[in-house]
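The values are calculated or read from the model by the stated rules, or taken from the named source; none is laboratory data. Fair warning: this is a prediction, and the values are worked out from it, not measured in the lab. We place every Cβ from the backbone using ideal geometry, glycine too, and count neighbours over all the protein chains shown. For the accessible areas, the whole protein counts, side chains as well, though only heavy atoms, and no ligand, DNA or RNA atoms are used. Shrake-Rupley method; radii C 1.70, N 1.55, O 1.52, S 1.80 Å.
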Amino acid sequence: MAKRRFQPADIYRLKTASAPDLSPDGRRLAFSLAEIDQDKDRALSSIRVAPLDASSEPRRFTEDPADSSPRWSPDGRWLAYLSVTDENPRHAHVRLAPLDGGAPLRLGDLPGPITQFTWSPDSKRLAVACRVGVPDPEKLSAAERNAARVPRGLAARLDGVGWYEGRVHLFLVDVGDGSSTQLTRGEYDHSDPAFSPDGTHLAFVSDRHPRRDDRQFRSDVWIIPTGGGRPRRLTGGHGRAGSPVFSPDGTLLCFAGTLTDAWDADEHAFVVPADGSGPPEQIAPDTDRPVYTAAQTPPVAWTGAREITMLIADRGSVALHRARIGQAASREIVGGDIQIDGFSARAGRSEIVFTASWPDRPSEVYRTNRVGDQPVPVTSINADLIAEVELSPVSRHTITRPDGTEVEYFTIAPPGNSRGRLPLHLDIHGGPHGTWPFVRRSAIHQSLAAAGYLVLLPNPRGSCGYGQEFTAACTHDWGGEDCADILACCDDLVERGVADSSRMFVAGYSYGGFMTSWLVGHTDRFRAATAGAAVIDERSMALTTDVPGFVLFNMGGTPWEQPDEYDKRSPLHYLPNVTTPVLVLHMEGDIRVPIGQGEELYAGLSLLGKKAELLRYPGGFHVSMTPSQLADYATRVIAWNHQHDARRRKRVRPTRH
């Protein structure tokens, strides 16, 4: 039977594997499987366990609606995971499942929700990160619930989290009796705990700067004795650090991050002596590609006494690399057209498991080894969808700009053999230091291609994965050469006879929404535009976002120090020039780009007599939508394009009688 084209409703059928963990004996793996419940309009996650040789289907290991982050105990007796129940959705806790049989047990009774955990080497304790000092809303009086909020600083809220309450501290929890000991104290937050091989110390990440409550994404690596004592800082107080992990002999700590406060710095892997005797040193300094820190697992792991395996973002892909301490460059062991979003490897073992996808290959679990043998699928969670639906392949293209800069872009064409020039849908990624493809938006792009559009995904200056110089190339130049790069990609497709210059459409989200709004204020070549979570006014953005430092860095100072730059880089300033119909989309719960930005865009266009529509999605965060909202987003973008495609309207014009 012939396959049908992808539809927005197929979003509900996509399944996602994440957070893989290889068992200590290398024979099994555990992972989290997310499946969409259309009635509840959310993804439900459970833990699955599968044999590494794929000799049988993965077995469902848990039953709760939100189980995640499975981790085997080092002795192989337990599988621990985070669990959230419908009865108490604000209070995540750790459950222990005995592998010799028996029901999972809730571990301990901690004073708040748990965000992370890690096993001790002897399997007798867990170190957990627990938010404490958060009042239970059920126990507050009406007056207390309605009391004024006093933010503790500019960093008192974070997109994807909301308002910060309390502090995240580290606890040690005894596996035998569930008793706990608080290890850190004070008005600080802590994350990413990691035991030393002998269990005597715990590494973690924290920002203890005096102005920590006024800045985001700044942190250091610290170490503290597990028996108690004062923590000691191992990094220099600048930049950000994450996912520290001890070397097998305990003498070194590897972490991912930066050593600078620059917002456009690529993240890399570093090692630092665990005794604090020296500064951090970059691993594989000649590999001019960033470590992929958005993974669902730590992006770095020790696989030998002096060997690191890590995730590297490279030209739209996320690859797996090996590096040896002291060597100048890393070596790719899994790469090509793939985006790996989590992996698990153990020192002394050759096996590596990972979860990965690509826009035309939905999420699955794979296995390989340190040598880099061809990856072998362990799961087939999306096989039913693939058997029924045709997914359009992705193509890479490169152009050279007049200054010699190479710019890469991707295209997704309609299924089948298309004749003649195609209508072009340009989609601009966020960031600006994001990159295409972005598999979380692949369903939108597949829906557009299935609707007959050639989807163009450019990676202009500022995109990550092309080297530090390229990443930083758009800083202080939003709407400059990055804009020219994007238009040059459009021109290339027109000149090659692939795209129809009279049927071009543009969309983007976040920085992509900024660029969409910027483009329609500077050119009339697009028939219609969709601006999602658009940054429209740099001045009000700086004063309302949860990351004001990011705006100040890109604008070169505060709105009072650089007033002309804020005006120059704000699409709001150019709205009188707009002739393109604009669909404005925004999440009401967005904290990163508050909905006031979308409201300014819509109100400005409307007051100027321009054609615009506004869509407000309730709840959510900046990049957090429910499944129905994502499906609706794709449907509305297609409908908006269709509505303003003169040739399509002419074809469907009703016959007069």
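Computed values, structure above
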{"item": "Per DSSP, loop chymotrypsin sites (Phe, Trp or Tyr not before Pro) in region 252-293 with at most 15 further Cβ within 10 Å", "result": "none"}
{"item": "Accessible surface of region 305-407, 1.4 Å probe, proportion on carbon and sulfur as whole %", "result": "44 percent"}
{"item": "Matching label, volume of the Cα convex hull per residue in Å³ computed from the structure shown, candidates [x] 184; [y] 197; [z] 243", "result": "[x]"}
{"item": "Mean separation of Cα contacts under 8 Å, 6 or more apart, over the residue count of region 113-258: relative contact order %", "result": "19 percent"}
{"item": "The chain, accessible area per residue, ligands and nucleic acids excluded (1.4 Å, Å²)", "result": "42 Å²"}
{"item": "In Å², nearest 10: area of R145 left accessible to a 1.4 Å probe", "result": "130 Å²"}
{"item": "Region 419-517, accessible surface, carbon-and-sulfur percent (1.4 angstrom probe)", "result": "51 percent"}
{"item": "Debye-sum result for region 386-444 in log10 I(q)/I(0), which assumes one identical scatterer on each alpha carbon, at q = 0.16, 0.17, 0.25 Å⁻¹", "result": "-0.70, -0.78, -1.28"}
{"item": "Relative contact order (%) - criterion: Cα under 8 Å, at least six apart; region: region 410-560", "result": "25 percent"}
{"item": "With every protein chain in place, region 543-657: carbon and sulfur % of accessible area (1.4 Å)", "result": "56 percent"}
{"item": "Rg [Å, one decimal], Dmax [Å, integer] - region 465-533, C-alpha atoms", "result": "12.9, 36"}
{"item": "DSSP-assigned coil residues among trypsin sites (Lys or Arg not before Pro) in region 406-472, each with at most 12 further Cβ atoms within 10 Å", "result": "R419"}
{"item": "Average Cα contact separation per residue, the chain, under 8 Å, 6 or more apart, as relative contact order %", "result": "10 percent"}
{"item": "Mean Cβ count within 10 Å, highest first, over the residues of peptides 530-543, 549-562", "result": "530-543, 549-562"}
